[in-house]
1. If you take the residues of segment 16-41 that are surrounded by 17 or more Cβ atoms within 10 Å (Cβ to Cβ) and away from the ligand (no atom under 13 Å from the Cβ), which of them is nearest to residue 95 (Cα to Cα)?
2. Among the numbered conditions (1) at pLDDT 95 or above; (2) closer than 25 Å to residue 112 by Cα; (3) in contact with a strand residue (DSSP E or B) (Cβ under 7 Å, 6 or more places away or on another chain); (4) crowded, with 16+ Cβ neighbours inside 10 Å, tell me where residue 246 comes up short.
3. Identify the residue in segment 1-15 that is in contact with a helix residue (DSSP H, G or I) (Cβ under 6 Å, 6 or more places away or on another chain) and at pLDDT 90 or above and, among all such residues, is surrounded by the fewest Cβ atoms within 10 Å (Cβ to Cβ).
4. The conditions are (1) at pLDDT 95 or above; (2) within 16 Å of the ligand (Cβ to nearest atom); (3) in a loop (DSSP other than H, G, I, E, B), and residue 132 fails exactly one of them. Which is it?
5. Looking at segment 207-229 only, could you name the residues that are under 18 Å from residue 272 (Cβ atoms) and touching a strand residue (DSSP E or B) at 6+ places or on another chain (Cβ under 7 Å)?
6. Just wondering, is there one or more residues in segment 96-106 that are more than 17 Å from the chain's Cα centre (by Cα) and more than 15 Å from the ligand (Cβ to nearest atom)?
7. Condition first: touching a helix residue (DSSP H, G or I) at 6+ places or on another chain (Cβ under 7 Å) and either closer than 26 Å to residue 272 by Cα or surrounded by fewer than 24 Cβ atoms within 10 Å (Cβ to Cβ) (or both). Can you find one or more residues in segment 129-136 that meet it?
8. Looking at (1) more than 16 Å from the ligand (Cβ to nearest atom); (2) over 24 Å from residue 316 (Cβ atoms); (3) surrounded by 15 or more Cβ atoms within 10 Å (Cβ to Cβ), find the lone condition where residue 82 falls short.
Ligand code: ASP
């Protein structure tokens with residue numbers, strides 16, 4: 001009797017990364033393997049019965065992928081979406097925490113988009129690519145993943161794109177979700193969600209524009225004077241401040257940040273890596289309360305990299321500061337989801 005899986009259909013888009021890297025002869029590895037070659041190396045894939053199509057979309061290290069690549073990928077996924085139950089993306093792990101979140105914002109269909117990669121390239125003992133691909137395909141094919149947006153499947157864990165971070169340079173357990181943990185796991189090859197996303201905000205259109213907005217992430221450090229910031233004035237379209245703790249900067253930085261916030265959106269995130277930026281606990285100059293009163297936008301639970309992705313996508317759609325603030329309030333987890341500026345694009349589970 002056919003299993004649920006055997007009637008499922010998944011498209012695999014290969015973008016490059018360590019998972020596809022081999023040594024052409026010089027002792028170092030570069031992306032060479034095609035999507036089909038990646039699948040051939042996966043033991044047990046054929047017995048799942050899942051019907052798989054492949055697309056060789058890019059051949060790049062994760063570091064060279066661009067937002068334009070991901071916007072084009074989202075469009076291709078949408079165009080080929082009829083009749084598939086899920087999409088799998090294989091790519092370099094270096095940028096998965098950003099690409100997956102951008103895909104999550106742009107992917108409006110119910111079927112899941114599952115991103116994976118590898119930490120050990122195919123020439124190494126214990127290469128993790130084949131296991132990650134099998135887990136990603138099983139997850140993408142599973143009916144329980146419908147409505148969950150973009151997921152990152154790695155090391156038998158299922159992470160939500162808006163929370164996942166790369167936290168180790170070499171470990172195969174590099175992906176973690178410091179805010180809330182993984183959504184689920186693969187156990188004996190079966191994907192299982194222990195938590196579900198109750199709602200998922202997406203954007204009404206992909207960001208447009210010939211040039212990408214210039215949005216530096218400025219990490220505040222002990223004794224930071226803002227000299228680089230001053231040099232950037234009038235050259236940026238937006239700014240993300242990775243502040244201390246719950247959203248703090250040195251008092252001497254307050255004036256320059258206030259000047260920036262008068263002309264471009266300035267998002268206040270935390271450099272700590274987890275937890276939310278606060279809003280009303282500390283009152284010293286340079287505290288979160290002081291900066292928000294001066295017009296900075298609270299990132300909430302979004303870390304600086306996710307904040308930058310969201311601001312990039314928003315700036316491609318609108319210059320309206322109130323809309324940008326409302327979007328951050330929902331995406332950052334500190335406002336009612338119903339206040340998402342595009343109610344038709346708030347997907348309820
Ligand atoms: N170390 C990276 C990877 O895991 C290289 C890249 O992002 O392409 O794939």
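1. Initial filter on segment 16-41 (surrounded by 17 or more Cβ atoms within 10 Å (Cβ to Cβ)): 16-21, 29, 31, 33, 35, 38-39.
Narrowing the set further to residues that are away from the ligand (no atom under 13 Å from the Cβ) leaves 35, 39.
On the way: 35: 19, 39: 22 Å.
This residue is 35.
2. (2)
3. Filtering segment 1-15 down to residues in contact with a helix residue (DSSP H, G or I) (Cβ under 6 Å, 6 or more places away or on another chain) leaves 5, 8, 10, 12, 14.
Remaining after also requiring at pLDDT 90 or above: 8, 10, 12, 14.
Numbers: 8: 21, 10: 25, 12: 25, 14: 26.
Looking at the filtered set, the residue picked out is 8.
4. Failing condition for residue 132: (3).
5. Of everything in segment 207-229, those that are under 18 Å from residue 272 (Cβ atoms) and touching a strand residue (DSSP E or B) at 6+ places or on another chain (Cβ under 7 Å) turn out to be 217, 218, 219, 220.
6. Pass one, segment 96-106, residues more than 17 Å from the chain's Cα centre (by Cα): none.
No; the residues of segment 96-106 include none that is more than 17 Å from the chain's Cα centre (by Cα) and more than 15 Å from the ligand (Cβ to nearest atom).
7. No: zero hits.
8. Of everything listed in (1) more than 16 Å from the ligand (Cβ to nearest atom); (2) over 24 Å from residue 316 (Cβ atoms); (3) surrounded by 15 or more Cβ atoms within 10 Å (Cβ to Cβ), residue 82 misses just condition (3).
The values are calculated or read from the model by the stated rules, or taken from the named source; none is laboratory data. Note that the structure is a prediction, hence the values are computed from the model and not measured. In this analysis, Cβ positions are derived from the backbone assuming ideal geometry, glycine residues included, and neighbour counts consider all displayed protein chains.
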